[in-house]
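**Student:** So that we are looking at the same thing, I have put the structure below in structure tokens.
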């Protein structure tokens, strides 16, 4: 389980070894999230969503109806869906 605070939003993510960056949120993702602006009305496509860091954070900021998440890994999608409900 990864517990984190990004942009003053508490998040937790369950993951496993077969999913990208299973022990911590990777530095590239954190760097990107530190500089992007998410504004009302924006739409986000999180391709290669992994366990959902970008998509779930974006959903909390701009509304989950404005976010589409996808990944080639069925396991990653399973974790992203699980975490979406746990962080609401």
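Any read-out appearing in this document is the output of simple, stated calculations on the displayed coordinates, not a laboratory observation. Being a predicted model, the structure only gives us computed values, none of them experimental. A quick note on method: Cβ atoms are made from the backbone with ideal geometry, for glycine too, and the neighbour counts reach across all protein chains shown.
**Student:** How much of the DSSP bridge set in segment 2-86 is antiparallel, in percent, rounded to the nearest 5?
**Tutor:** Looking only at bridges with both residues in segment 2-86, the antiparallel portion is about 55 percent.
**Student:** Note down the nm distance, to one decimal, between modelled labels 7 Å out along Cα→Cβ at residue 35 and at residue 72.
**Tutor:** 2.6
**Student:** Another question, if that's okay. In segment 2-33, whose amide N lies under 14 Å from the spot 7 Å out along Cα-to-Cβ of residue 64? List them in ranges.
**Tutor:** Answer for this model: 12.
**Student:** With a 10 Å cut-off between alpha carbons and a GNM built on the chain, which of 41, 55, 63 moves the most?
**Tutor:** Of 41, 55, 63, the Gaussian network model singles out 41 as fluctuating most.
**Student:** Whole-Å semi-axes of the chain's equivalent ellipsoid, largest first, each the root of 5 times a Cα gyration tensor eigenvalue?
**Tutor:** Semi-axes from the Cα gyration tensor: 19, 14, 12 Å.
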